[in-house]
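Notes follow the structure.
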Amino acid sequence: MKEFLEGSKAVAEVVGLCKPGVISAYPITPQTHIVEELAQFVADGKLNSQFINVESEHSAASVVLGGVAAGVRSYTATSSQGLFYMAEVIFNIAGMRLPLVLTCANRAISAPINIWNDQQDSVSLRDSGWIQLYAEDIQEAADLHLIGYRITEDKSMMLPVMVCMDGFILTHGIEVVDMPTQEQVDKFLPAYKPLYKLDVENPISMGLLADPDYYTETRYAIHETMKDALKLIPKVTAEFSKVFGRSYNGLLEEYRTKDAERVIVAMGSVCGTIKEVIDELRAKGKKVGLLKISSFRPFPAAKVYEALKDIPKVAILDKSVSLGSYAPLAVEVKASFFGKKKSPKVISSFVAGLGGRDITKDTVKEIYSLLTSKEKACEFIDLKPELLKESYEQ
Amino acid sequence: MFGPLTSKSGTSKNNKTGSWRTESRPKFLKTNCIACKMCRIVCPEGCITGTEKNTYDCDYAFCKGCGNCAMICPKQDITMIKEE
C-alpha cells in the first residue's frame with residue numbers, strides 16, 4: 001500500500017517485517033529515527049524481537065555479531081563516527097562470514113564535527129568485506145533491506161550487507177513509498193537458517209587464530225565470493241521484482257546513456273537530482289546521461305566498462321574523497337578501463353556535497369559544463385576561496 | 001567460497017606448535033619424582049602427562065620450552081637441555 005512516509009520510518013517498518021530476533025544500536029544522528037521506531041515496535045509488542053540497549057556502537061555491533069553467531073537474524077544501524085567506532089567489529093563480522101544487514105545513514109566524518117550528509121563514512125570501510133548497496137530514494141532504501149537480507153543469507157554468500165542511504169536527504173525526507181505486506185515479505189524472505197552457529201550441544205569456535213598457514217585463504221575466499229555476488233545480486237533483484245513489482249538492476253542503472261555524449265557517474269540520492277537535470281537538458285537537445293552505481297562493493301567493473309566504453313566524456317561525482325589521492329568512485333571507474341581496448345576520451349573527477357553542502361541542479365549543470373576535453377582530477381565543486389585565506393603563522 | 005572459519009572443540013591438537021620452541025627443552029629425569037603434579041599444573045600448554053612417581057613426561061609436539069616445569073619441580077628432577 002502506498003504511504004507518505006519519512007525515510008527512517010519506511011526503513012524501520014520494512015526491517016520489522018523481516019522479523020530480526022536481535023536488534024541493537026546506539027543513537028547517532030541521522031540514523032536515530034530508524035532504531036527509535038524499531039524500539040517502539042518492540043515496546044508495543046508489534047515486533048517479537050530482543051532490543052538490546054548498549055553503551056556504544058562497538059557494543060552494538062558486537063551484540064548483533066553474537067546474535068547472528070547464535071543463529072538469529074539480527075539488525076543494526078549507525079552513521080559516521082558510530083560506524084567508525086564499529087569498524088573493528090565490522091571487519092570481524094565479514095571475516096567470520098556472518099550474514100547481517102546494517103543501515104548506514106551516510107554522514108560526514110569529524111573533525112570538524114559535522115552531522116550532515118556525505119558518503120565518507122561507508123566509503124572509508126569499502127575494504128571491510130561488506131557488500132555495500134547505495135539507495136537513490138526512500139523506496140529503494142526500504143527495498144534494499146529486503147534484498148540485502150536475501151543476499152546476505154544466501155548459502156553461497158554469507159557476507160554482511162551495508163545499506164547506505166544519504167543522511168537527512170533520505171532518512172528525514174518524506175516521500176510516497178509503496179510498503180510491502182507481511183505476506184509478500186514472507187514469500188520473498190524465508191526464515192534464516194544458519195550454516196553454523198554457536199550451540200552448547202555441538203560446540204565450535206568462531207573467529208579464532210589463523211596463523212600464516214591459514215589467513216590468506218580466508219581473505220581470498222571473501223574476494224572470490226564478492227565476484228559471485230556480482231552474479232547473485234541481479235538474480236535476487238529479479239526475484240524481488242516478481243514479488244513486489246518494482247525492478248532494480250542491483251549493480252548499476254543506465255539513465256539515458258545510449259546516445260549520450262556526456263555522462264555523470266554517481267551513487268546515492270544525488271542520482272535523483274542528476275536525472276531531473278538530464279530531463280531538462282535533453283529537452284533542449286543536449287545529449288547527457290547518468291550511470292548510477294548501486295553496488296559499490298562488489299564493484300561491477302565489467303558492467304561499468306560496457307556502459308561507458310563508447311561515451312566520449314565521463315564525469316565522476318564523488319561525495320567523499322581519498323585525501324592525498326583521487327576520489328574513491330573515480331578511482332574505481334578509471335580502473336575499469338585499465339588494459340581495455342575502448343575508453344572514454346575524457347574521464348574527469350569531481351568532488352561535491354561534502355558535509356551536507358547542497359548539490360543543486362545548478363551544481364550538476366556546472367559539472368556537465370566543466371566536462372570539456374580538458375580532464376579534471378579531483379576537482380572540488382562549489383569551493384569558497386574566501387574561507388581558505390586563514391593564516392596561523394606567528 | 002569459504003576458507004577455514006570455525007573449529008570443533010579439541011582441534012587445536014591438530015596444530016603441532018612444538019616447532020615454535022627455540023633454545024631449550026625440558027628433560028624429565030624420572031629418578032627423584034614424588035608425583036606432586038606441580039609440573040603438570042604449571043604447564044601453559046597442558047602437554048605434560050603422568051600419574052605415578054617417575055612417570056611424568058611432556059609431549060614435544062606442543063612443548064614451547066618455557067621452563068616452568070623445571071623451575072617449579074621441588075626435587076630438581078626436570079632439567080632444561082639445549083634444543084637440537
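The values are calculated or read from the model by the stated rules, or taken from the named source; none is laboratory data. This structure is a prediction, so every number in the text was calculated from the model and none was measured. Here the Cβ is made from the backbone with ideal geometry for all residues, glycine too, and neighbour counts use every protein chain on show.
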Report task. Go through (1) within 30 Å of residue A:206 (Cβ to Cβ); (2) touching a residue at least 24 places away in the same chain (Cβ under 8 Å); (3) in contact with a Leu (Cβ under 9 Å, 6 or more places away or on another chain) one by one and return the number of the condition residue B:20 breaks. Result -> (3)
Query raised in the report: Here are some residues: B:35, B:61, B:70. Which one is away from chain A (no Cβ under 14 Å) and part of a helix (DSSP H, G or I)?
Result: B:70
Report summary line: Residues of the stretch A:79-107 being within 14 Å of chain B (Cβ to nearest Cβ) and either free of Cβ contacts under 8 Å to residues at least 12 places away in the same chain or small (Gly, Ala, Ser) (or both), in sequence order, are A:94, A:95
Query - Residue list for the stretch A:63-85, restricted to those being under 16 Å from the mean Cα position of the chain (by Cα) and of a type in the set (A, V, I, L, M, F, W, C) - result: A:77, A:83, A:84
Requested in this report: Please find, among A:221, A:210, A:266, A:229, the residue that is away from every other protein chain (no Cβ under 14 Å) and either buried (at least 18 other Cβ atoms within 10 Å of the Cβ) or among the hydrophobic types (A, V, I, L, M, F, W, C) (or both).
Outcome: A:266
Report summary line: Residues of the stretch A:141-159 being away from chain B (no Cβ under 14 Å) and either over 19 Å from residue A:220 (Cα atoms) or touching a helix residue (DSSP H, G or I) at 6+ places or on another chain (Cβ under 7 Å) (or both), in sequence order, are A:141, A:142, A:143, A:144, A:145, A:146, A:147, A:148, A:149, A:150, A:151, A:153
Report summary line: For the stretch A:21-36, the count of residues that are assigned to a loop (DSSP other than H, G, I, E, B) and either surrounded by 20 or more Cβ atoms within 10 Å (Cβ to Cβ) or touching a Ser or Thr at 6+ places or on another chain (Cβ under 8 Å) (or both) equals 6
Query raised in the report: If a residue has to be in contact (Cβ under 8 Å) with a residue 60 or more places away in the chain and in a helix (DSSP H, G or I) to count, how many in the stretch A:261-283 make the cut?
Result: 9
**Report entry** Selection within the stretch A:354-375 - at pLDDT below 95 and either over 18 Å from residue A:265 (Cα atoms) or not hydroxyl-bearing (Ser, Thr, Tyr) (or both)
**Finding:** none
Report summary line: Just one listed residue, out of B:25, B:40, is in a strand (DSSP E or B), modelled with pLDDT of 90 or more and either more than 14 Å from chain A (Cβ to nearest Cβ) or surrounded by fewer than 17 Cβ atoms within 10 Å (Cβ to Cβ) (or both), and it is B:25
Query raised in the report: Which of the residues belonging to the stretch A:37-56 are free of Cβ contacts under 8 Å to residues at least 24 places away in the same chain and surrounded by 15 or more Cβ atoms within 10 Å (Cβ to Cβ)?
Result: A:39, A:42
Query raised in the report: Residues in the stretch A:4-20: is at least one assigned to a loop (DSSP other than H, G, I, E, B), under 22 Å from the mean Cα position of the chain (by Cα) and over 19 Å from residue A:144 (Cα atoms)?
Result: no
Report task. Just need a number here: residues in the stretch B:1-18 that are within 15 Å of residue A:96 (Cβ to Cβ) and more than 7 Å from every other protein chain (Cβ to nearest Cβ). Result -> 0
